[in-house]
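The values are calculated or read from the model by the stated rules, or taken from the named source; none is laboratory data. Source: prediction; values computed, not measured. Backbone-built Cβ (ideal geometry, glycine too); neighbour counts: all protein chains shown.
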Amino acid sequence: MTADGAELLPGDPLTELKGIGPKSAETLSAEGFNTVLDLLLHLPRRYEDRTRVTGLDKPIEAGSWVLLRGSVTGVRVRRLPGRKIIVDGLVDDGRGNLKVVWFNHRWIHTRLADEPELYLYGQVREARGGSLQLVNPEIEAVSDEAPRIVPVYRRLGRFGGRRLRRIIEQCLPVADGCHDPLPETLQKRFGLPSLNEALRELHEPNLPEDDTRRAIALEELHRGGGPYHLRLAFDELLAFACAMGSRKAARSSVRVPKIKTSVVDESRVRELLPFVLTGAQRRVLGEIQADLGSGKPMARLVQGDVGSGKTAVAALAMLTVLDSGHQVAFMAPTELLAEQHARTLSDVLAATGHTVHQLTGSLLAAEQRRVRQELADGTARLVVGTHALFQESVKFRDLGLVVVDEQHRFGVTQRQALAEKGKTPHLLVMTATPIPRSLALTVYGDLDLSVIDELPPGRKAVRTHLRFEESRSKVIDFVRDEIAAGGRVFVVYPIIDLSDEIEAAALTDHEASVREALPEAGIEILHGRLDRTQREEAIARFRDGSAQVLLATTVVEVGVDVPQASMIIIESAHRFGLSQLHQLRGRVGRGERQAWCVLMADSHLGEEARRRLEVVCRSNDGFEIAEADLEFRGPGELTGIRQWGPAGFRFANLFRDRTLINVTKDLAAECQSSGDLDDFLENLSTYHRVDIGWAGD
């Protein structure tokens, strides 16, 4: 019901809910939530079993989560420096008592004074001296709350905990009136529940009374493996498969002029490159040239581990298109990477007469205008840039090829935006983030797939070791030895400055101690807050040997190619994903020297975090590491899938739902030609917030 007693509708604004005024609605809108249905689709991230009250006359273990019913006595409020507040007391259930403490819950003591009896739910932890205490429990009046399974939601701005739960509870009646976009025939065919049933059960799970069966059902909810999660994931993956299939079909139906590929033959390649292509590079180049000469617009993804030589293959593809009289745009996710690619391409193409132009946000306005004008009139034939290439003011006279590097940083809609600047130009997408083939064929279902699965001959595997803070002096000694032997050393930090929110090593905090420990070394700094000139000067000094140590953030993850670099130290390594650690490790080992990677971590590292880092230590295989990353973290940013639609995959998990991925991909192909999914696709956006209108453009 709305605040005035009317029945809520899915599309009603959030101000129709009790407790949501214009300012609160603004906060939720900033998180992407504007309607009642938006909130209904904000699923719990976990569930708490508050169905059984624990008696304080029974043993309780540290680390356990408990529901207590009793009164809180002896309440004290202590104010510490920095405006921190501690409220503590004893919870007494008539059979025993336990210390309870709240940190920075400013008004909790007033609530405790008003309630003679409460439910308290929280985790029991061991305090100093070995005693147990209940820490930061959530409290409910006995009159308001009965023991039940409680959904826990991801915070939305300042909304979280019980407050957000109460707001979403108001939306639940809307579930019964939601239009179900999936045809009933498909629901029955695949044994799926209705949308209404799925939403109701996910917010208010009805679990068995039996303790064992309830625990199993709760675990299934946490894994997202039950039929109700499956239903929402099914819809989302089916929509995605339809969109990708539609894009691929629409693109393959277009005819474009055939590119003459014989202009870049083997003898030309030998003239331009100071090395011999590997067999994998020759194979992939052949696949690209076959696409260019087919008369259909190419749409190809090239995967290759760090150092496999993707850029060389891309450069030869670009030269093929340039020599045929067309323009080429090369897009990179960061200015640093764009600058590196511009330098590399200038070297490779120096003897061809083609000039490399750059277009990035940091260029002077007059320089940007000049490049845009030359692209529009065709004077500039090859441009390397960042997101600046997306700008509406950037026009091309005859764009024949778009190359997108580090695809996972952009996503499907952004690469489409650049491709639309030409008359269906050829599209070559590259990524050094290995993605298991089964996922690549789905996530990039609108692209053909090529894999450079061979490293240049003579390349030595980087040796990787996990080290803890107590070993830092030995690591510093190793750095001195590497510098003395002519090596260069990267030291990478997850953050620039110390943060109250993120417990991790910070570049600015470590800089002084590194300089003190290595007074004989030239040390440079590199991070995203430096301007272009500062970045270029820092990299140039590191490259020419004036500096032997580069303290940096993840801006060096791609785009900094220094063959003399023989060691990389990654601070607070547990803060990075495995694939990102593998990418960072790829900054070294590009020369003849044996290269080393040291993962620095806190000695109190948890068991799972240690197991994650040990995967990187024992393997240099990017695909094996990507599989482990999927298992530990889920897809996350690995594939850039968050760029799919405004919100990305909210319900599907590319690791958990692998079987479902194949089912929906086959179903999309089966149904699209017959039109059986027209109603599904038309209605899907009403609750998935996915616009697939571009799919058939």
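Could you list all residues from segment 112-147 that are touching a residue at least 24 places away in the same chain (Cβ under 8 Å), charged (D, E, K, R) and surrounded by 14 or more Cβ atoms within 10 Å (Cβ to Cβ)?
Residues satisfying the conditions are Glu115, Arg125, Glu138, Glu145.
Does Ala239 qualify as being surrounded by 23 or more Cβ atoms within 10 Å (Cβ to Cβ) and in a helix (DSSP H, G or I)?
yes
Only one of Glu637, Glu614, Glu624, Glu607 is at pLDDT below 80 and surrounded by fewer than 22 Cβ atoms within 10 Å (Cβ to Cβ). Can you tell me which?
Unique residue meeting the criteria: Glu637.
If you check Leu67, Leu8, Leu39, which single one turns out to be in contact with a Lys or Arg (Cβ under 7 Å, 6 or more places away or on another chain), among the hydrophobic types (A, V, I, L, M, F, W, C) and touching a residue at least 60 places away in the same chain (Cβ under 8 Å)?
Selected residue: Leu67, the only one of Leu67, Leu8, Leu39 that is in contact with a Lys or Arg (Cβ under 7 Å, 6 or more places away or on another chain), among the hydrophobic types (A, V, I, L, M, F, W, C) and touching a residue at least 60 places away in the same chain (Cβ under 8 Å).
On the basis of being over 27 Å from Leu654 (Cα atoms), in contact (Cβ under 8 Å) with a residue 40 or more places away in the chain and either surrounded by fewer than 24 Cβ atoms within 10 Å (Cβ to Cβ) or not aliphatic (A, V, I, L, M) (or both), does Ser566 make the cut?
yes
Report the residue count in segment 245-259 for those that are closer than 21 Å to Arg189 by Cβ and either touching a Leu at 6+ places or on another chain (Cβ under 6 Å) or assigned by TED's automatic domain parsing to the domain that holds Leu322 (or both).
Looking only at that region, the number is 0.
Given the structure, is Val556 surrounded by 17 or more Cβ atoms within 10 Å (Cβ to Cβ) and within 13 Å of Arg585 (Cα to Cα)?
Yes: the conditions hold for Val556.
Do we have any residue at all in segment 373-385 that's surrounded by 14 or more Cβ atoms within 10 Å (Cβ to Cβ), in contact (Cβ under 8 Å) with a residue 24 or more places away in the chain and assigned to a helix (DSSP H, G or I)?
yes
If a residue counts only when it is over 29 Å from the mean Cα position of the chain (by Cα), which strands (runs of 3 or more DSSP E) contained entirely in segment 285-370 have at least 1 such residues?
By residue number, 327-331, 356-359.
So is Leu507 under 26 Å from the mean Cα position of the chain (by Cα), modelled with pLDDT of 90 or more, within 30 Å of Ala338 (Cα to Cα) and not basic (Lys, Arg) or not?
yes
Find the residue count for segment 247-276, including only residues that are in a helix (DSSP H, G or I), modelled with pLDDT under 85 and surrounded by fewer than 20 Cβ atoms within 10 Å (Cβ to Cβ).
Number satisfying all stated conditions: 6.
Mind checking which pairs have a first residue in segment 310-322 that is farther than 14 Å from Val451 by Cα and a second that is charged (D, E, K, R), Cβ under 7 Å, 6 or more apart or different chains?
As it stands, the answer is Leu322/Arg381, since those pairs meet every condition given.
Would you tally the residues in segment 516-573 being part of a loop (DSSP other than H, G, I, E, B) and of a type outside the set (Asp, Glu)?
20
Hey, among the residues in segment 187-212 that are at pLDDT below 90 and part of a helix (DSSP H, G or I), which one's surrounded by the most Cβ atoms within 10 Å (Cβ to Cβ)?
The residue in question is Asp211.
So Val284 fits all but one of (1) touching a residue at least 40 places away in the same chain (Cβ under 8 Å); (2) surrounded by fewer than 22 Cβ atoms within 10 Å (Cβ to Cβ); what number is the exception?
(2)
Looking at Leu584, Leu599, can you tell me which residue is within 19 Å of Ile502 (Cβ to Cβ), in the same structural domain as Leu498 (by TED's automatic domain parsing), aliphatic (A, V, I, L, M) and assigned to a strand (DSSP E or B)?
Leu599
Yes or no, residue by residue, for (1) assigned by TED's automatic domain parsing to the domain that holds Glu557; (2) of a type in the set (A, V, I, L, M); (3) closer than 27 Å to Thr533 by Cβ:
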| position | (1), (2), (3) |
| --- | --- |
| Gln289 | no, no, no |
| Lys296 | no, no, no |
| Leu301 | no, yes, no |
| Val306 | no, yes, no |
| Gln327 | no, no, no |
| Ala332 | no, yes, yes |
| Gln340 | no, no, yes |
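Restricting the first residue to segment 87-106 and requiring it to be under 14 Å from Gly122 (Cβ atoms), which pairs with a second residue that is among the small types (Gly, Ala, Ser) meet a Cβ separation below 6 Å and a spacing of at least six or different chains?
Sorted first by the residue in segment 87-106, then by its partner, the pairs are Gly89/Gly74; Val91/Gly70; Val100/Gly89.
If I ask for residues that are surrounded by 19 or more Cβ atoms within 10 Å (Cβ to Cβ) and under 16 Å from Gln548 (Cα atoms), which ones from segment 484-513 would you list?
Correct list: Gly487, Arg488, Val489, Phe490, Val491, Val492.
Listed here are the residues, each with its yes/no results for (1) in contact with a strand residue (DSSP E or B) (Cβ under 9 Å, 6 or more places away or on another chain); (2) of a type outside the set (D, E, K, R); (3) in contact (Cβ under 8 Å) with a residue 24 or more places away in the chain; (4) not assigned by TED's automatic domain parsing to the domain that holds Gly445.
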site: Cys171; (1), (2), (3), (4): no, yes, yes, yes
site: Thr185; (1), (2), (3), (4): no, yes, no, yes
site: Arg189; (1), (2), (3), (4): no, no, no, yes
site: Asn196; (1), (2), (3), (4): no, yes, no, yes
site: Leu202; (1), (2), (3), (4): yes, yes, yes, yes
site: Arg214; (1), (2), (3), (4): yes, no, yes, yes
site: Asp235; (1), (2), (3), (4): no, no, yes, yes
site: Ala243; (1), (2), (3), (4): no, yes, yes, yes
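Tell me the residue from Val412, Val383, Val443 that is touching a Phe, Trp or Tyr at 6+ places or on another chain (Cβ under 9 Å) and at pLDDT 90 or above, please.
Being touching a Phe, Trp or Tyr at 6+ places or on another chain (Cβ under 9 Å) and at pLDDT 90 or above holds for just one of Val412, Val383, Val443, which is Val383.
Here is a list of conditions, (1) touching a residue at least 12 places away in the same chain (Cβ under 8 Å); (2) touching a helix residue (DSSP H, G or I) at 6+ places or on another chain (Cβ under 8 Å), and Arg166 meets all of them except one; can you say which number that is?
Every listed condition holds for Arg166 apart from (2).
So which of Val36, Val124, Val135, Val72 is touching a helix residue (DSSP H, G or I) at 6+ places or on another chain (Cβ under 8 Å) and not assigned by TED's automatic domain parsing to the domain that holds Ala198?
Val72
Enumerate the pairs (first residue in segment 343-358 and under 16 Å from Ala329 (Cβ atoms) and in the same structural domain as Thr311 (by TED's automatic domain parsing); second residue anywhere and in a helix (DSSP H, G or I) and not β-branched (Val, Ile, Thr)) with beta-carbon separation below 6 Å, excluding pairs fewer than 6 apart on the same chain, so at least 6 apart or on different chains.
Between residues of segment 343-358 that are under 16 Å from Ala329 (Cβ atoms) and in the same structural domain as Thr311 (by TED's automatic domain parsing) and residues that are in a helix (DSSP H, G or I) and not β-branched (Val, Ile, Thr), the close pairs are Leu345/Ala315; His354/Leu322; Val356/Ala342; Val356/Leu345; Val356/Ser346; Gln358/Ala342.
Please return the ranges of strands (runs of 3 or more DSSP E) entirely within segment 50-153 where 2 or more residues are farther than 30 Å from Glu220 by Cα and of a type outside the set (A, V, I, L, M).
Ranges flagged: 65-80, 84-92, 97-103.
Restrict the check to segment 79-100 and report whether at least one residue is under 25 Å from Arg148 (Cβ atoms) and in contact with a helix residue (DSSP H, G or I) (Cβ under 9 Å, 6 or more places away or on another chain).
Among the residues of segment 79-100, not one is under 25 Å from Arg148 (Cβ atoms) and in contact with a helix residue (DSSP H, G or I) (Cβ under 9 Å, 6 or more places away or on another chain), which makes the answer no.
Please find, within segment 54-71, the residue that is surrounded by the fewest Cβ atoms within 10 Å (Cβ to Cβ) out of those that are aliphatic (A, V, I, L, M) and under 43 Å from the mean Cα position of the chain (by Cα).
Among residues in segment 54-71 that are aliphatic (A, V, I, L, M) and under 43 Å from the mean Cα position of the chain (by Cα), the one surrounded by the fewest Cβ atoms within 10 Å (Cβ to Cβ) is Ala62.
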